[in-house]
Amino acid sequence: MANNYWRTPPEIIDYVQSRFGEIKLDVCAQDKKAAVCKNFISEEMDAFKCDWWQLLSVDELMWMNPPYSDPFPWVKKLGEQIKQGNGRCAAGILNLDPSTKWFYELESYATLIMPIIGRYHDGKFKNGRVSFLNENSEPIKGNSKPQFLFYASSVDMPKCWQPVSISELYGI
């Protein structure tokens, strides 16, 4: 299974929902089993052919963990949706790579960028890399890239970078 299909761990979803509210739509779900909430857009439904905001009410939160091989189309689509307004918001996770075109695009409209950083716990260092899940919901070892969470809202808000430790995400 390529990292295009790595699933978001429930600890990350719990953290995001504690910060930003209940996730009501997953726009990048491979299928029902991989979706982080009841409402989702699967590969077969083609997320690029629908208006994500029409599937949400005002102030509802959308989740995005796009295929990492080419996140740009997803980031671009989200930017288009954000610019429409309508009081909707989105959160997501991606590899932290500020050297890319897609990162530049996302950073231009995201309200909050949250690099995931490592922390010491019980005398051991825990790196800031997320343990994504495979198709059997088992942690995948060997994630070699750092990640970041983001939040974007169609409501005009000040931009902010705010690191979050891996310990905080996993409740250690």
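What follows draws every value from the coordinates through simple rules; no lab data is involved. None of these values were measured; they are calculated from a predicted model. Quick reminder, even Gly has a Cβ in these numbers, built from the backbone with ideal geometry, and neighbours come from all protein chains shown.
Side notes on the structure shown:
- Label zone at GLU43 (point 7 Å along Cα-to-Cβ), backbone N below 13 Å, segment 133-165: 135
- Within the listed set ASN136, ASN65, ASN86, the Gaussian network model of the chain (springs between alpha-carbon atoms below 10 Å) gives the highest mean-square fluctuation for ASN136.
- Magnitude of the charge dipole for segment 3-170, about its Cα centre and with charges confined to Cβ atoms of Lys, Arg (+1) and Asp, Glu (-1), is about 360 debye.
- Relative contact order computed over the chain (Cα-Cα under 8 Å; 6+ residues apart), in percent: 24
- Helix content alone sets the calculated 222 nm mean residue ellipticity of the chain: runs of n ≥ 4 DSSP H residues at -39500 (n - 2.57) each, divided across all residues, give -6500 deg cm²/dmol.
- Calculated on alpha-carbon atoms, Rg and Dmax of segment 1-65 in Å: 11.7, 36
- Helix axis angle, 10-20 relative to the chain longest principal axis, alpha carbon, degrees: 50
- Between segment 36-105 and segment 127-167, the C-alpha centres lie 15 angstrom from each other.
- Cross-link partners of LYS83 among lysines (Cα-Cα below 18 Å; sequence separation of 8 or more within a chain): LYS49, LYS159
- For the chain, convex hull of alpha carbons as volume per residue, Å³: 113
- Report note on the peptides 45-55, 15-25: ranked by the mean count of other C-beta atoms within 10 Å, highest first, their order is 15-25, 45-55.
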